[in-house]
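Read through the structure below, which is laid out as structure tokens, and then see the notes.
The values are calculated or read from the model by the stated rules, or taken from the named source; none is laboratory data. This one's a predicted model, so the numbers in the text were calculated from it and none came from an experiment. So basically every Cβ, Gly included, is an ideal-geometry build from the backbone, and we count neighbours across all protein chains shown.
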Amino acid sequence: MSTAGTLSGSSGEIVLSAEHLTKRFGSREAVADVSFDVRAGEVFGFLGPNGAGKTTTIRMLVGLARPDKGRVRIRGLDLSRDFEKAMGHVGCIVEAPDLYKYLTGRENLLHFSRMLPAGAAQRIPELARLVVLSERLDDKVSTYSLGMRQRLGIAQALLGNPDILILDEPANGLDPAGIREIRQLVRHLASERGIAVFVSSHLLSEVELTCDRVAIIHRGRTLASGPVRELVDRVASDRLRLIARPARRAMEILAPFGAAEIAAEETGADGEGAIDARIPKEKVPDALRALTAGGVDVFAVERSLASLEEVFLEVTGGETV
Amino acid sequence: MRFPGLVENEILKFARQRRFRVVVLILVALIGLIVFAQSRGRQRFLGGKDWHVETQERMARIQNGLRDGRMPETMQRWARFELDRLQYHLGRDVNPDAISGPLFVRGFANAASYLLLPLLAIVFASDVVSAEFAQGTIKLLLTRPVGRARVLASKLVAVLLAITLTVLFGGVVAYLFGGIAYGYGGWEAPVLTGFRSAGERLDPAAVRSIALWKDTVLAYGLAWFAALSVGALALLTSVLLRSTAAAMGTMLAALIAGTILPRLAPSWETQKYLFVTNLPLPDYYSGTPAPIPGLTVGFAAATLAAWAVAALATAFFVFVKRDVLA
């Protein structure tokens, strides 16, 4: 099936799969041939800068927009054919958690429970506890902070006991504490309840902390996808940082083995300095021998682990996030 | 199975917004004002004269106007029709200007049918879809396990209910206020209705005398039908324009154009197929000279129904098919 699925180390059952989704607006291709699978119990990150096509993709996942090509399957059901059945498995927030501001939190939840099979309303007290809103549930939503609206949005999304939760930029506009709360909640839902969670974000650090697997989307195309660690390793494997003296000489010696540059701000008066080098793993022992033979003192060698940010810069060709 | 719940949702949203209370206030204030102003004016106008004498004087004034020859063509048509109508009332010994609480209620149906009730229908219907777009809640509403057609159908039912309540409420308030001014009795009084022009003159064969309460029920039924068709059209503009202000503006412009057009361009016959020209159904039923030849109550009702059905079909098609990108 899709590439993301084959890369995956997860064993959960596939709950949501996007197959070759394509969406055009006029002549502009907003989303082009995007495919991925999301499995039960995992948090799947959908990472990309603003305007990359994340929200358009999500709109296709939840049936708000019709793909020009490709299809969405939820628990094997074709979304465009079995909309009502398929959406019965989905809870979602698209863009901001827009709820009825002139209604109370409870009225909002009751409103949406009436659009679900009987019994959804009985989950309201439990969900209110889960998202820590029990005490404010009878206040109008217009008096809620953004974080509370986001949490109410999540409670709303969970009303139908979904197999997959789709959250669009859940960290948007939240303070660090709010972001942490949402992250813990998302991790809890995936690991304790076995829900598949799809999270879009333009915040790399957030995806790195929250997600098991990630797909990077840029200009409507998925550039890379796979387990977060694996993607990070791909870039990290040839990155070295050395502390050596004299740094200048070390750099000259390393040059034939790969790219190297002195991290300028760390050059000391005695010629000691930090060098960032990109040397393929198999050449590292030779490079170190050459340094010693060339009379360079090496104080430390470490493989620097790239952050997802570097992965991102690498695959998007340095476009700012 | 969940459809009543969906309608309940829509009614809840109506009730919790300020709109419903505003409509109630408008109706109470407006009807109160009309009753007050009218009862004041009447006291001065009648001055205790016998209605037979008063009616004959009025006919004489109209005849003078006709003889004068300076009356425009459309006015002449109306004047001849009015003469016939008054003559007919004298012949049957029915006071054409009688007033009672029930008669006020009946008169309100005609007065309200071409502007007030359509206006209130627009207030309800024109934001029922666009408000969800403006609030962003449309994304939640359409990502439930409920098909879009059912979502729109629940909104339509809620709009129709709200319009029905508004028409009923208007009638009840008119009766309460009218009763204060003119007394509450008189539902059984006969009224002459069905004045229809046959060519230049009144067609006496069509005139019927029926009990006032029957006449009133019919008139409100027609006003209600007209208001529902306005609701259907306003729902379409709400779906198409996705902005409450734009939808309301469009509908109001159409409504106002419809009240002006027959007066400014009475000779343009094609306008009888326009939506707004057909709104004063109670007028066409009780009989005023049709502003355009061929406008009968049956024709008008059928035209309104056709517009409403076409509007709803388009609204459902667009609502179900169109991508939500707001």
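Checked against (1) within 9 Å of chain B (Cβ to nearest Cβ); (2) assigned to a loop (DSSP other than H, G, I, E, B); (3) without any contact (Cβ under 8 Å) to a residue 12 or more places away in the chain; (4) not basic (Lys, Arg), A:Leu64 passes all but condition (3). Against the list (1) surrounded by 22 or more Cβ atoms within 10 Å (Cβ to Cβ); (2) closer than 30 Å to A:Glu19 by Cα, the condition A:Glu95 fails is (1).
Might you check whether a residue that is of a type in the set (Phe, Trp, Tyr), in a loop (DSSP other than H, G, I, E, B) and away from every other protein chain (no Cβ under 14 Å) occurs anywhere in region B:109-121? Yes, region B:109-121 contains at least one residue that is of a type in the set (Phe, Trp, Tyr), in a loop (DSSP other than H, G, I, E, B) and away from every other protein chain (no Cβ under 14 Å).
Just one residue in the set B:Leu264, B:Leu325 is touching a strand residue (DSSP E or B) at 6+ places or on another chain (Cβ under 9 Å) and surrounded by fewer than 16 Cβ atoms within 10 Å (Cβ to Cβ); that residue is B:Leu325.
Residues in region A:67-102 that are more than 9 Å from every other protein chain (Cβ to nearest Cβ) and touching a Ser or Thr at 6+ places or on another chain (Cβ under 7 Å): 6 in all. Applying the condition of being surrounded by fewer than 16 Cβ atoms within 10 Å (Cβ to Cβ) and part of a strand (DSSP E or B) to region A:211-262 and asking which residue is modelled with the highest pLDDT yields A:Arg221. Of the residues making up region A:103-137, those that are loosely packed, with under 15 Cβ neighbours inside 10 Å and within 14 Å of chain B (Cβ to nearest Cβ) are A:Pro117, A:Ala118, A:Gly119.
Taking the criterion of being surrounded by fewer than 23 Cβ atoms within 10 Å (Cβ to Cβ), outside any helix (DSSP H, G or I) and among the β-branched types (Val, Ile, Thr), the residues of region A:8-61 that qualify are A:Ile14, A:Thr22.
With the requirement that a residue be away from chain B (no Cβ under 12 Å), in a helix (DSSP H, G or I) and surrounded by fewer than 22 Cβ atoms within 10 Å (Cβ to Cβ), what does region A:141-157 give you? Can you show your working first?
Step one: list which residues in region A:141-157 are away from chain B (no Cβ under 12 Å), which gives A:143-148, A:150-151, A:154-155.
Keeping just the survivors that are in a helix (DSSP H, G or I) gives A:143, A:146-148, A:150-151, A:154-155.
Of everything in region A:141-157, those that are away from chain B (no Cβ under 12 Å), in a helix (DSSP H, G or I) and surrounded by fewer than 22 Cβ atoms within 10 Å (Cβ to Cβ) turn out to be A:Thr143, A:Leu146, A:Gly147, A:Met148.
When B:Arg263 is tested against (1) of a type outside the set (A, V, I, L, M, F, W, C); (2) at pLDDT below 90; (3) not in a helix (DSSP H, G or I), only condition (3) is not met.
In this entry, B:Arg70 is excluded by the filter for residues that are part of a helix (DSSP H, G or I) and exposed (fewer than 15 other Cβ atoms within 10 Å of the Cβ). The residues of region A:67-97 that are without any contact (Cβ under 8 Å) to a residue 40 or more places away in the chain and out of contact with any Asp or Glu (no Cβ under 9 Å at 6 or more places or on another chain), listed by number, are A:Gly76, A:Leu77, A:Asp78, A:Leu79, A:Ser80, A:Arg81, A:Asp82, A:Phe83, A:Glu84, A:Lys85, A:Met87. Per the listing B:Leu12, B:Leu33, B:Leu6, B:Leu25, the residue uniquely under 27 Å from the mean Cα position of the chain (by Cα), within 14 Å of chain A (Cβ to nearest Cβ) and modelled with pLDDT of 85 or more is B:Leu12. Remark: A:Glu107 matches the filter, which requires a residue to be touching a Leu at 6+ places or on another chain (Cβ under 9 Å) and either closer than 15 Å to A:Leu158 by Cβ or among the charged types (D, E, K, R) (or both).
Return yes when A:Arg39 is under 25 Å from the mean Cα position of the chain (by Cα), facing chain B (nearest Cβ under 9 Å) and of a type in the set (Lys, Arg) and no when it is not. Break it down into steps so the answer makes sense when it comes.
Working: under 25 Å from the mean Cα position of the chain (by Cα): yes; facing chain B (nearest Cβ under 9 Å): no; of a type in the set (Lys, Arg): yes.
Considered against the rule, which asks whether it is under 25 Å from the mean Cα position of the chain (by Cα), facing chain B (nearest Cβ under 9 Å) and of a type in the set (Lys, Arg), A:Arg39 comes out as no.
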